[in-house]
1. How large is the charge dipole for the stretch 198-309, taken about the Cα centre, if only the Cβ atoms of Lys, Arg (+1) and Asp, Glu (-1) carry charge, to the nearest 20 debye?
2. Given +1 on the Cβ of Lys and Arg, -1 on the Cβ of Asp and Glu, and no further charges, what dipole in debye does the stretch 15-93 carry about its Cα centre, rounded to the nearest 20?
3. Of L20, L299, M142, which is farthest on the positive side of the dipole of the chain, counting Cα position, with +1 on Lys and Arg Cβ, -1 on Asp and Glu Cβ, and the Cα centre as origin?
4. Hey, what number do you get for the chain at 222 nm if only DSSP H runs of n ≥ 4 count, each worth -39500 (n - 2.57), divided across all residues, to the nearest 500?
5. Can you give me the % of accessible surface on the chain that is carbon or sulfur? Probe 1.4 Å, all protein chains present, nothing else counted.
6. Just tell me, in residue order, which DSSP H segments of the chain are both 15 angstrom or longer along the helix axis (alpha-carbon based) and at least 0.5 in mean Kyte-Doolittle hydropathy.
7. Using a ≥ b ≥ c from the Cα gyration tensor of the chain (square roots of the eigenvalues), is it rounded, prolate or oblate, where a/c under 1.5 gives rounded and otherwise the larger of a/b and b/c decides, a/b for prolate?
8. Which FRET efficiency value, to the nearest 0.05, do you get for S141 and R225 by plugging their Cβ-Cβ distance into 1/(1 + (r/R0)^6) with R0 = 22 Å?
Amino acid sequence: MPTYLLRRIGQSLLAIFLTLTTVFLLVRLAPGDPAAAYAAPTATTAELDRIRAQFGLDDPLVNQYGIFLRDLFTGDLGTSYSFHAPAFDVVMDRMPYTITLAVAAITVTALVAVPLGVWMARRADSKRELGANVLTVTGQSMPDFWTGVMLLTLFSVLLPVLPASGFTTWSGLVLPTVTVAVLQLALVSRLVRREMVTALAAPYTTVARSRGVSERALTWRYGLRNSAVPLVTALGTRFAALLNGVVVVEVVFGWPGVGSLVVRALATRDYPLIQATVLVTATLAILVQLLVDLAYPLLDPRVRLGKAA
């Protein structure tokens, strides 16, 4: 286990470094001038040159990358052009909102998708299961922005019972959570259904049934337990993706998370803010994936971590 952890931590640090390097190059090669986005619309050429010199944007790209690495290893991610504050602090102010939305969405997904997938597996190839499949495929096919707009129209305009945007009260969490969870539970429930059908048709289930084990125990103790590894993998992967910010949903609902922050940072060519956002979200996503990997031996004793595996 210690060897596995050290190897995974090394791989994670390398992945974060390569991701930051890629983002550093891409944002500077993309069209647009941060100085023009930062300055007033009536700024002169001299004022634009002064802004570029202030932020080091007129230095050669190699020099900018060297300064970026030096500051990165000293814990300085730069000052946001648009917020006039340390970029890392700006991201951390927004991160709790994204984490709250991600936790709420993945919780709803697990509470609904797992029982639904088990129910579909127990009634595989029946008419009722076909109807449930149609609903999940429909949910999987609906874009986030369309679902969000429809929920806003219904519950904030026609029936004004929930806030349309922001997070001033906990009721403001309902519509974004449902919007995000619709797609997730459609994907996860179909995965649970597939894994459970395979588990319930396995030889060990047949033997257990012949020994008089109840159908309830076969479903939850044998079937679901042996489907736990792919289920946890799916939930962990979806949760890690949500931590990167659900950009469309956050913009539709005016959610003050990192997704909407990235949109603003890209619009203003705020390089330090983009890099700080990528660093924080990539670190959290990799940490979640590491925790998922460490959970495998607890879920299935046959799984072993390390060189022997």
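The values are calculated or read from the model by the stated rules, or taken from the named source; none is laboratory data. Keep in mind that what you see is a predicted model, and the values were worked out from it rather than measured. Here the Cβ positions follow ideal geometry from the backbone for every residue, glycine too, while neighbour counts run over all protein chains shown. Heads up: the accessible areas ignore ligands, DNA and RNA and are worked out on the full protein's heavy atoms, side chains in. Shrake-Rupley method; radii C 1.70, N 1.55, O 1.52, S 1.80 Å.
1. Details: 11 positive and 5 negative charges, 106 e Å.
The calculation lands at about 520 debye.
2. Result for the stretch 15-93 is approximately 160 debye, rounded to the nearest 20.
3. The one lying farthest along the dipole's positive direction is L299.
4. Helix-only estimate at 222 nm: -23000 deg cm²/dmol.
5. Carbon-and-sulfur percentage of accessible area, whole number: 67.
6. 2-29, 61-73, 87-122, 174-200, 228-243, 271-299
7. Note, shape of the chain comes out oblate.
8. For S141 and R225, the calculated efficiency is 0.10.
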